Amino acid sequence: MSGERQRAYCVTRKCLSDSNPKSTVVRPVAIYGTECWAATKAAKLVLHTMEKWMLRWSMGVTLKEKVPNEVVRSTFGVAPITGKMKEPRLLWSGHVCRRGGESVAKTALNLDVKGTRPRESLKTCWLDCVKSDMAEVPLTTRNADNRNKWRKRCSTADPAITWDKH
């Protein structure tokens, strides 16, 4: 390889490893607003499928090649999108918990609605999603007062990129 071609190859490889367009452009657009809506199983499945197909397309791998999804994901060094959906929801809930008692968000969160709920299966509500997320990441509403600790526990780290480990 000539020196100029080798430099271009190294620069391209460094750019690809430093900034993954999928994680810097596509993922934020896909999970925009997830802090405000309850993630149902159907919504999680759609986002998981979208992520799987985009990663496979970026890598140039088809289903016929029978490469497992975990291998494709670890090659790019990204965490599952469903894990990344929890971050903004937990961050927003921590923000609401830190607010004063007279704020609109805190009032709406603690609102007790009179009446009965229907007997059929209930839709997933936002607060139920937050409670299940807080159970997975051991957090309580009392932890929200320490903002730095809350943010560290809410974040989902992306695994290391495997192509740099050769």
Discussion item. If Rh is defined by the Kirkwood formula over all Cα pairs and Rg also comes from Cα, what ratio Rg/Rh do you get for region 64-166?
Written reply: 1.12
Response to the item:
Nearest-0.05 FRET efficiency for Lys66 and Arg151 at R0 = 41 Å, using Cβ-Cβ distance, is 0.55
Item to complete: Could you tell me which of the pairs Lys86/Lys106; Lys84/Lys114; Lys52/Lys131; Lys64/Lys131 are separated by over 31 angstrom between their Cα atoms in the structure shown?
Response: Lys84/Lys114; Lys64/Lys131
Practice prompt. Determine ³J(HN,Hα), in whole Hz, for all residues of region 104-115 in sequence, where each value follows from phi through the Karplus function 6.51 cos²θ - 1.76 cosθ + 1.60 and θ = phi - 60°; x replaces Gly and Pro.
Written response: 5, 5, 5, 5, 5, 5, 9, 5, 9, 8, 7, x
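Where a number appears in this text, it was derived from the coordinates with a stated rule and is not lab data. Keep in mind the model is a prediction, meaning the values are calculated, not measured. Every residue, glycine as well, gets a Cβ built from its backbone with ideal geometry; the counts of neighbours run over all protein chains shown.
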